[in-house]
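Visitor: First, the structure itself, so that you have it in front of you.
The values are calculated or read from the model by the stated rules, or taken from the named source; none is laboratory data. The shown structure was predicted, so the numbers you read here are calculated from the model rather than taken from an experiment. Neighbour counts are summed over all protein chains in view; Cβ atoms, including those assigned to glycine, are modelled from backbone coordinates with ideal geometry. For the accessible areas, the whole protein counts, side chains as well, though only heavy atoms, and no ligand, DNA or RNA atoms are used. Shrake-Rupley method; radii C 1.70, N 1.55, O 1.52, S 1.80 Å.
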Amino acid sequence: MLLSNVGTPYDPNTGKGTTGRNYCYQTANNVRLFFKDQILNPFIGAGAIGMGIDEFNNDNFDHSGLGFVGGGSTRVTPIGAAPIASRPVPPGTPRWGSAWKKATVEHYLTTMSIGCEASSYPQKTNYLSLDPNYKDPHGRPLLRITFDFPENDQRMAQYVTDKVAEIAKVMNPQEIQKQPRKGPWSNGDYPSSHVVGGFVMGADPSTSSVNKFCQVWGIPNLFVVGASAVPNNPGYNPTGTVGALAFRTAHYIRTQYLKQPGEMMS
């Protein structure tokens with residue numbers, strides 16, 4: 001959209017423009033449980049067999065005096081821990097050598113995690129733009145991501161991680177390792193790929209890029225469907241919502257737009 005000059009690029013200084021605004025990440029938190037003699041067979045797994053609770057997700061708990069908004073879905077999703085990629089060892093273990101190898105053997109089968117995949121709300125300083133310096137092989141500017149985890153999200157991350165640790169403690173592990181999301185953000189690791197925003201849906205063309213049918217304001221024959229339309233990241237992945245939007249958009253194109261091409265649908 002930025003390369004095609006669709007919409008007005010978002011300007012964080014003025015708050016004007018819509019293309020690139022509301023870029024949101026995902027605030028992933030984790031508590032690792034080290035057991036002594038519980039054999040968990042982490043190499044066996046499928047995400048669909050996981051379990052989750054919503055007690056600490058967004059408005060499901062009282063935020064009075066907490067100093068933040070948001071929350072996350074708390075769940076155990078045993079998706080299969082690859083023996084080479086997954087080497088859980090307790091804090092303080094050397095990063096290499098015989099002690100590290102011994103710890104890997106001792107803890108691979110007896111370690112599990114409880115995650116809290118949490119919200120990421122839009123900030124005026126988090127946005128997408130065209131990079132002024134770097135270009136692709138065709139000479140076009142690359143997409144530039146300007147993002148960092150705000151204080152709100154970091155406070156929220158610490159709170160929900162502490163709550164998950166309380167659950168973990170009842171399970172009586174030998175050791176608990178809390179891993180709340182902290183700043184600064186870096187693309188050097190992989191906490192999440194469930195990003196949203198940049199070309200968001202709304203009812204006002206001055207603050208959104210597409211209407212409720214994913215139809216671009218002012219360009220009636222252009223429909224943009226994807227996570228870019230989702231204006232913030234709640235405590236769940238956007239996949240289901242994106243799929244629903246795709247079906248809904250296709251339905252309205254077939255049943256409404258094709259009867260009156262060139263018109264904005266309402």
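Visitor: Of 172, 126, 22, which is the most mobile in a GNM of the chain whose springs link Cα atoms less than 10 angstrom apart?
Guide: Result for the chain, Cα springs under 10 Å: 172 fluctuates most.
Visitor: Quick one: accessible surface of residue 112, probe radius 1.4 Å, all protein chains present, in square angstrom to the nearest 10.
Guide: About 40 Å², ignoring ligands and nucleic acids.
Visitor: In addition: Would you mind checking the radius of gyration and Dmax of region 7-61 based on alpha-carbon positions, in Å?
Guide: Using the Cα atoms of region 7-61, the pair Rg, Dmax is 20.5, 59 Å.
Visitor: At residue 135 and residue 239, where each label point lies 7 Å from the Cα along Cα→Cβ, what is the point-to-point distance in nanometres?
Guide: 3.8 nm
Visitor: Given Cα pairs under 8 Å that are at least 6 residues apart, what percent is the relative contact order of the chain?
Guide: Here the relative contact order equals 26 percent.
Visitor: Could you identify which residue out of 32, 155, 87 has the top mean-square fluctuation in a GNM of the chain using Cα springs shorter than 10 Å?
Guide: 87
Visitor: In terms of Cα to Cα distance under 24 Å, which lysines are near enough to residue 259, apart from those fewer than 8 places away along the same chain?
Guide: Within reach: 212.
Visitor: How high is the FRET efficiency from residue 189 to residue 69, r the C-beta distance, R0 25 Å, rounded to 0.05?
Guide: 0.50
Visitor: Out of 20, 197, 47, any idea which swings most in a Gaussian network model of the chain, alpha carbons joined below 10 Å?
Guide: Comparing 20, 197, 47 in a Gaussian network model of the chain, the most mobile one is 47.
Visitor: What value in Å³ per residue do you get for the convex hull of the alpha-carbon atoms in region 72-147?
Guide: Convex hull of Cα atoms, per residue: 214 Å³.
Visitor: Something else about it: Can you give the accessible area of residue 212, probe radius 1.4 Å, in Å² rounded to 10?
Guide: About 100 Å², rounded to the nearest 10.
Visitor: Grab the alpha carbons of the chain, take their convex hull, and tell me the volume per residue in Å³.
Guide: 179 Å³
Visitor: What is the spin-label model distance, in nm, from residue 46 to residue 14 if the labels are put 7 Å beyond Cα along the C-beta direction?
Guide: 5.4 nm
Visitor: Using a Förster radius of 41 Å, what is the FRET efficiency between residue 258 and residue 166 based on their Cβ-Cβ separation? Nearest 0.05, please.
Guide: 0.15
Visitor: Applying the Karplus parametrisation 6.51 cos²θ - 1.76 cosθ + 1.60 with θ = phi - 60° to the phi angles of region 22-30, what ³J(HN,Hα) value in whole Hz is obtained for each residue in order, glycine and proline being reported as x?
Guide: Using θ = phi - 60°, the values come out as 6, 6, 10, 9, 8, 9, 8, 10, 8 Hz.
Visitor: With Kirkwood's inverse mean 1/r over C-alpha pairs for Rh, give me the Rg to Rh ratio of region 110-218, two decimals please.
Guide: Computed over Cα atoms, the ratio is 1.10.
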